[in-house]
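As structure tokens, the structure follows; a few thoughts come after it.
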Amino acid sequence: MRDSVRLSRFFGAGQGGCGLFDEIYRNIIYQDRWLYLLKGLWVTVEVTLFAILLGTILGMILALMRISNFKLFRIRILEKISSFYITIIRGTPLMVQLLIIYFVVFASVDIDKVIVAVIAFGLNSAAYVAEIIRGGILSVDKGQTEAGRSLGLSYTQTMRHIVMPQAIKNALPAYTSEFIVLIKETAIVGYIALEDLTKVGDTIRSRTFSALVPLLTVALIYLLLTGVLAKLFMRLERRLRRSDNR
């Protein structure tokens, strides 16, 4: 009997309902607060997708700049610039980089905060993607390049048709991890007053004075996002492996 009373109180049944169901209603359903969560989720996804796109493009350029042992990129100054950039970005906190870009670089410019976040996270991700791609390229045996050249392919054709496809397959697991990490790192955009998923969850907490439901909901949404992304990349990796076995 006591157990049933405790359960009814926990789930909000009877006597005013201050249990779980009541908490869910006050934090998620009341005043359509779930719509705020959806808007915050959209901001998180938007920043992440554009940032990883920018980071991938810049990371590819930085990776090629660092590979100075190939004939096409035997330019030491480019290698040093790339190494310096990667060292600076990887050696400083992402939040500090975000604040510098917002409060220093764009201090006197009227610019959308989403764009600022995309630039900050894209520049940060580029340093890590560059190392991922560089590692993938260097993991391909040099004999593959020599074989391509012996078949009459140019250096660019060899890289495009032989080296890069293998490098991408080798780098895919690390690239997946970077993508997942980037999704979670976007939670700090609230420091520039951008209402992403985490910021919205904290705003709901401040209005309802209840931390469990809004923050747990935010955590579950992040878990769902990263889980779906990991599944998609896992399927892609399996397909690439199947193509190798044919």
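The values are calculated or read from the model by the stated rules, or taken from the named source; none is laboratory data. Keep in mind the model is a prediction, meaning the values are calculated, not measured. All Cβ positions, glycine included, derive from the backbone under ideal geometry; neighbour counts span all protein chains shown.
Quick rundown of the values:
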| quantity | calculated |
| --- | --- |
| Residue check, ARG160 out of contact with any Lys or Arg (no Cβ under 7 Å at 6 or more places or on another chain), surrounded by fewer than 17 Cβ atoms within 10 Å (Cβ to Cβ) and over 23 Å from ILE89 (Cα atoms) | yes |
| Residue match in region 204-221 (condition: outside any helix (DSSP H, G or I), surrounded by 14 or more Cβ atoms within 10 Å (Cβ to Cβ), touching a residue at least 24 places away in the same chain (Cβ under 8 Å) and of a type in the set (Gly, Ala, Ser)) | yes |
| Condition check for SER4: of a type outside the set (D, E, K, R), at pLDDT below 85, in a helix (DSSP H, G or I) and surrounded by 12 or more Cβ atoms within 10 Å (Cβ to Cβ) | no |
| Those helices (runs of 4 or more DSSP H) lying entirely in region 88-152 with at least 3 residues at pLDDT 90 or above and surrounded by 13 or more Cβ atoms within 10 Å (Cβ to Cβ) | 94-100, 113-138 |
| Residue check, GLU195 outside any helix (DSSP H, G or I) and of a type in the set (D, E, K, R) | yes |
| Positions within region 123-144 being touching a residue at least 40 places away in the same chain (Cβ under 8 Å) and not aliphatic (A, V, I, L, M), in sequence order | ASN124, SER125, TYR128, GLU131, ARG134 |
| Residue within region 156-163 that is at pLDDT below 95 and either at positive phi or of a type in the set (Ser, Thr, Tyr) (or both) present | yes |
| Selection count where residues are among the aliphatic types (A, V, I, L, M), surrounded by fewer than 16 Cβ atoms within 10 Å (Cβ to Cβ) and within 14 Å of the chain's Cα centre (by Cα), scope region 175-201 | 1 |
